[in-house]
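A.B. asks: Take a look at this one; I'll ask things after.
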Amino acid sequence: MKWLSKKDYKNLLVVSEVYRQQLWMYENKTNRIDDRIVSINQPHVRPIIRGKAGSSVEFGAKISASCVDNYVFLDRLSWDNFNESKDFRQQVEAFKLL
């Protein structure tokens, strides 16, 4: 028996999770599940509902950044959707310290 490479083993785990998610959605008659995998090669990527005209769903990382004296600070990087306003208080407090 030939052993799987690391990449093949990772893909096997991802495909197993995709199957589990699809089966759960089928059995529960729904089209939504938390942390749904949409890419086997990039299982960390999540769809982000944007509500924009022309493209209601985007894929990729979402960031929260602030700019002070021409320097840009990365405050948060996430592959999941989040509300940027939740970071506002912390960003203001950090700005006061500068």
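A.B. asks: Residues of region 1-39 being surrounded by 10 or more Cβ atoms within 10 Å (Cβ to Cβ), basic (Lys, Arg) and closer than 18 Å to Asn81 by Cβ, which ones?
C.D. replies: Arg36
A.B. asks: So is Glu84 surrounded by 12 or more Cβ atoms within 10 Å (Cβ to Cβ), over 29 Å from Asp8 (Cβ atoms), out of contact with any His (no Cβ under 8 Å at 6 or more places or on another chain) and acidic (Asp, Glu) or not?
C.D. replies: yes
Every number in this text was worked out from the coordinates using simple rules, so none of it is lab data. Since we're looking at a predicted model, the values are computed, not measured. Please note: Cβ atoms are built from the backbone with ideal geometry, for glycine as well, and neighbour counts cover all protein chains shown.
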